[in-house]
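Working notes, beginning with the structure itself.
The values are calculated or read from the model by the stated rules, or taken from the named source; none is laboratory data. If you're wondering where the values come from, they're calculated on a predicted model, not measured in any experiment. Virtual Cβ from ideal backbone geometry, glycine too; neighbours counted across all protein chains shown.
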Amino acid sequence: MAQIDAFFKLMNEQGASDLHMVAGQKPVLRIRGDMETVKYKVLDNDTLKAMLYEIIPEEKIKVFEETGDVDFGYEIPGLARYRGNLFMQKNGVGAVFREIPSTILTCDQLKLPPVIKKLASLPKGLVLVTGPTGSGKSTTLAAIIDEANSTRKDHILTIEDPIEFVHQSKKCIVNHREVGTHTKSFSAALRGALREDPDIILVGEMRDLETIALAMEAAMTGHLVFGTLHTLNAAKTVDRVIEIFPANQQAQVRSTLADALKAVVSQTLFKRIDVKGRCAALEILICTPAVRNLIREAKTYQIPSAMQTGKKYGMQTLDDAILDLLKKGWISPEDAYTNCIEKSKFAQYLSKPPTDFTEV
């Protein structure tokens with residue numbers, strides 16, 4: 001057993017999502033969104049480095065020593081998998097670990113809207129799950145992939161950095177590829193994927209122009225492609241995909257994206273006040289013919305209105321999702337107000353609305 005495993009067991013017992021271990025400081029856990037210091041001595045650089053090097057693959061250590069940071073995966077059988085990032089900072093090494101549960105929760109267990117489960121049955125196209133870091137994108141995607149794995153007879157290929165949720169083959173064949181270990185990059189793996197007879201491709205992160213272009217190409221050539229982006233809402237997601245391309249290509253990309261895109265799910269995570277745990281508010285954009293026209297004609301600013309009128313297709317805005325959680329008594333009015341788009345709609349739920357200087 002590695003020395004660091006004791007911290008992972010503590011993390012699991014406390015229900016923490018993240019573990020921060022940094023030279024010059026005590027270990028810290030993120031529990032339900034808040035940082036809690038562990039009762040332990042201050043970590044010195046040499047001790048922490050030895051502890052971390054014990055669990056990191058040799059080739060990843062080499063990359064870290066050349067570049068100053070690296071992503072890697074670690075698993076404790078019977079407990080959980082961990083996504084780690086090792087980095088250099090002022091006092092020496094530092095590492096942050098995110099716990100990936102060994103049990104994959106279904107769409108029903110996560111209480112996701114019914115339309116999310118339907119995304120697993122799409123024959124082809126591009127589905128983007130977006131939100132800030134730590135908003136539960138991987139958990140939502142894992143539930144959709146699990147639904148496909150349980151109901152379809154296809155080949156699912158995941159490309160991640162590092163591998164997070166591990167899917168056992170059910171009705172589908174599932175292959176996991178890790179960037180840096182099994183393939184050089186997301187774009188190299190995507191180019192190879194088109195010759196590997198996949199039906200469903202999961203791209204862990206669409207970081208650059210080449211990866212986004214290849215993901216769109218795969219979606220246009222008859223594959224169902226799932227990907228993630230760090231954007232805050234559906235309209236901004238569409239803009240982000242288009243704006244990463246040079247100006248002279250954007251008109252063509254807009255047309256391609258309008259045809260390829262099937263749905264955008266943008267989520268924000270909240271701390272629950274009724275029980276221990278967290279819940280997600282989901283903004284859902286389904287690409288109906290009307291939405292496709294807005295994308296083609298560069299009228300993405302009208303997407304929120306299209307979501308309001310498209311509720312029968314399963315669409316919902318972030319504010320409507322937040323309001324629903326607030327009325328259920330799951331989240332606090334203060335949290336709802338902080339994360340909503342239209343502040344005036346939520347001010348009535350506060351006893352004393354805070355002064356936001358950016359809104360003045």
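Within region 319-334, count every residue that is touching a Phe, Trp or Tyr at 6+ places or on another chain (Cβ under 6 Å) and surrounded by fewer than 20 Cβ atoms within 10 Å (Cβ to Cβ). The qualifying residues number 1.
Of the numbered criteria (1) in the same structural domain as LEU122 (by TED's automatic domain parsing); (2) farther than 18 Å from ASP239 by Cα; (3) of a type in the set (Ser, Thr, Tyr), the one THR300 fails is (2). Within region 1-43, track down each residue that is crowded, with 19+ Cβ neighbours inside 10 Å and in a loop (DSSP other than H, G, I, E, B). ILE4, ALA23, PRO27, LEU43, listed by residue number.
Entry remark, region 125-168: residues being of a type in the set (Gly, Ala, Ser), in contact (Cβ under 8 Å) with a residue 40 or more places away in the chain and touching a helix residue (DSSP H, G or I) at 6+ places or on another chain (Cβ under 8 Å) number 3 in total.
Filtering region 92-105 to residues that are more than 20 Å from GLY15 (Cβ to Cβ) and either out of contact with any strand residue (DSSP E or B) (no Cβ under 7 Å at 6 or more places or on another chain) or free of Cβ contacts under 8 Å to residues at least 12 places away in the same chain (or both) leaves only GLY92. Of the numbered criteria (1) farther than 22 Å from PHE270 by Cα; (2) at pLDDT 95 or above; (3) within 17 Å of the chain's Cα centre (by Cα); (4) not small (Gly, Ala, Ser), the one GLU147 fails is (3). Scanning region 116-125 for residues that are within 18 Å of the chain's Cα centre (by Cα) and either within 10 Å of GLY222 (Cα to Cα) or surrounded by fewer than 21 Cβ atoms within 10 Å (Cβ to Cβ) (or both) gives a single hit, LYS117.
Could you please let me know if ALA215 is under 30 Å from ASP154 (Cα atoms) and in contact (Cβ under 8 Å) with a residue 40 or more places away in the chain?
Numbers: under 30 Å from ASP154 (Cα atoms): yes; in contact (Cβ under 8 Å) with a residue 40 or more places away in the chain: yes.
Against the criterion (under 30 Å from ASP154 (Cα atoms) and in contact (Cβ under 8 Å) with a residue 40 or more places away in the chain), ALA215 qualifies.
Please tell me if ARG191 is among the basic types (Lys, Arg), more than 16 Å from ALA120 (Cβ to Cβ), assigned to a strand (DSSP E or B) and touching a residue at least 12 places away in the same chain (Cβ under 8 Å). No, not satisfied. Do we have LYS90 as of a type in the set (Lys, Arg) and in contact with a Leu (Cβ under 7 Å, 6 or more places away or on another chain) here? Here the answer is no, as LYS90 does not meet what is asked. Looking only at residues of region 162-177 that are polar (S, T, N, Q) and assigned to a loop (DSSP other than H, G, I, E, B), we find that the one that is nearest to LYS124 (Cα to Cα) is SER169.
Against the test of being without any contact (Cβ under 8 Å) to a residue 60 or more places away in the chain, in contact with a Pro (Cβ under 9 Å, 6 or more places away or on another chain), not basic (Lys, Arg) and not assigned by TED's automatic domain parsing to the domain that holds ARG278, the options THR47, THR37 yield a single qualifying residue, THR37. Checking each residue in region 230-267 for being part of a strand (DSSP E or B) and either without any contact (Cβ under 8 Å) to a residue 24 or more places away in the chain or crowded, with 21+ Cβ neighbours inside 10 Å (or both) picks out LEU261, ALA263, VAL264, VAL265, SER266, GLN267.
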